[in-house]
Each structure stands twice: as C-alpha cells, then as structure tokens.
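S.K.: Okay, handing you the structure first.
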Amino acid sequence: MIRDALITLLDFHYRARDGTLDAVAQITPEEFLRDLGSSFGSIRDTLAHVVSAEWVWCSRWEGFSPPRHLPASDFETVDDIRARWAEEETRVRRFVEKLAPDDVDRVIEYTFFGGEPMRAVFRHMLQHLVNHATYHRGQVTTMLRQLGAAPPRDQGLIGFYLERP
C-alpha cells in the first residue's frame, strides 16, 4: 500500500514537472537564462538544481553519494532539462517499482556533500524529493510571472487527484 502511494506521488511529481517544462518552453532562450534574483538566479539554474537533486537522491538510493550537484551549465535549453529529467524519471521509477513492501521503510546510509555520514528512511527521502521539487516549481512559476509569461497549469495535488480516473 505505501509503495503504491509513493508511485502515485511520483505520478503527481512528473505531471507537475511536465506542466512546468511546457510553460518554460514558451519563453525565449534569453529569458530562460536571465538572472531574476531567485534562489538559483535563473529559471535554467533552478530547474537544473531540481533535476540534479533528483539524480543525487536516486544515486544515494543506489549506493553512490555524489560529491556535488550537476553543473547548471550542462543544461543550455529547456529540452536539455527535459531529456535529462526523463532519464532520471526512468531511474527513479525503476528503483521504486522493484521495492519489496518492507523496503519503503529501509534506512539508507549515504554521505552528504561535505563528507558527513547521513541516514534516512527511504520513503521519507522520496517524499522529500517530491516536496523539494514542488518548492522550486513555485519559484519557477514566480519567475515566469516576473517575465510576463504564462504560468504552468494548476500544480496542486488536489487537482491531480481530481483529474485521475
């Protein structure tokens, strides 16, 4: 049951991601890279941070702790972000779908960026991944509005549930 709930949470996460990327695809390349004074500056840098964080978390689940995030400069266009995030989605979904029922409560040990040892329950890590992305999608929505661009479609979890069959 909990594993199924986590898969549904991932369904929401990737639906919201797609809506955000669709909205971002409507802006100019210059707007995509413009420093708007947000946490990571530009829309590109914010989205690169989110896809990188997903890569980091999935790597930790698989037993590797990356020493740093992916550089934002690896992503010149929204299509670059979309392609890499699709790869990460495949990895995350594959990992979660292979979990046995008890694995969702498994404690995973990893190393934080500064070298400090950490440990957390898998389902908490996955919930954090989704919540983290939600936070930064909100920032991207604000930045799109600052540019005078259309925001993404509704990003709310309840809207997601209401649209499901």
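S.K.: With axes computed from alpha carbons, what is the tilt in degrees of helix 2-24 against the longest principal axis of the chain, rounded to the nearest 10 within 0 to 90?
M.R.: 20
S.K.: While we're on this one: Given the rule -39500 (n - 2.57) for each run of at least 4 DSSP H residues, summed and divided by the residues of the chain, what is its mean residue ellipticity at 222 nm, to the nearest 500 deg cm²/dmol?
M.R.: The per-residue figure over the chain is -20000 deg cm²/dmol.
S.K.: Between rounded, prolate and oblate, where does region 2-163 land on the alpha carbon gyration tensor, with a ≥ b ≥ c its root eigenvalues, rounded for a/c under 1.5, else prolate if a/b exceeds b/c?
M.R.: Since a/c reaches 1.5 but b/c is at least a/b, the shape of region 2-163 is classed as oblate.
S.K.: What are the residues whose amide H is under 5 Å from the amide H of Ile108, where those residues sit 5 or more places off or on another chain and H is modelled from the backbone?
M.R.: Ala120, Val121, Phe122
S.K.: Right, another one. Between Phe112 and Gln26, how high is the FRET efficiency from 1/(1 + (r/R0)^6) when r is the Cβ-Cβ distance and R₀ = 35 Å? Nearest 0.05.
M.R.: Efficiency computed from Cβ-Cβ geometry: 0.45.
S.K.: What angle, in degrees between 0 and 90 and rounded to the nearest 10, separates the Cα long axis of helix 122-146 from the longest principal axis of the Cα atoms of the chain?
M.R.: Relative to the chain, helix 122-146 is tipped by roughly 0 degrees.
S.K.: Round to the nearest 10 and give me the degree value, 0 to 90, for the angle of helix 78-97's Cα axis relative to the longest principal axis of the chain.
M.R.: Helix 78-97 sits at roughly 20 degrees to that axis.
S.K.: What trypsin sites (Lys or Arg not before Pro) does region 67-165 have in DSSP loop regions with at most 15 other beta carbons within 10 Å?
M.R.: For trypsin sites (Lys or Arg not before Pro) across region 67-165 that sit outside H, G, I, E and B with at most 15 neighbouring Cβ atoms in 10 Å, the list reads Arg68, Lys98, Arg106, Arg153.
S.K.: What area, in nm² and to one decimal, does the C-alpha convex hull of region 17-73 cast on average over all directions?
M.R.: 4.5
S.K.: What number comes out for the charge environment of Arg34, summing +1 per Lys or Arg and -1 per Asp or Glu over other residues with Cβ under 13 Å away?
M.R.: -3
S.K.: Compute the whole-percent fraction of alpha carbon pairs in region 63-112 spaced more than 15 Å apart.
M.R.: Everything past 15 Å amounts to 64 percent.
S.K.: What is the sum of charges, Lys and Arg at +1 and Asp and Glu at -1, for the other residues whose Cβ falls under 12 Å from the Cβ of Thr90?
M.R.: Every neighbour counted, the sum reads -1.
Computed from the coordinates by the stated procedures, all read-outs in this text should not be read as laboratory data. Treat the numbers as computed from the prediction; the structure is a model and nothing was measured. Ideal geometry is used to build each Cβ from the backbone, glycine not excepted, and the neighbour counts take in all protein chains shown.
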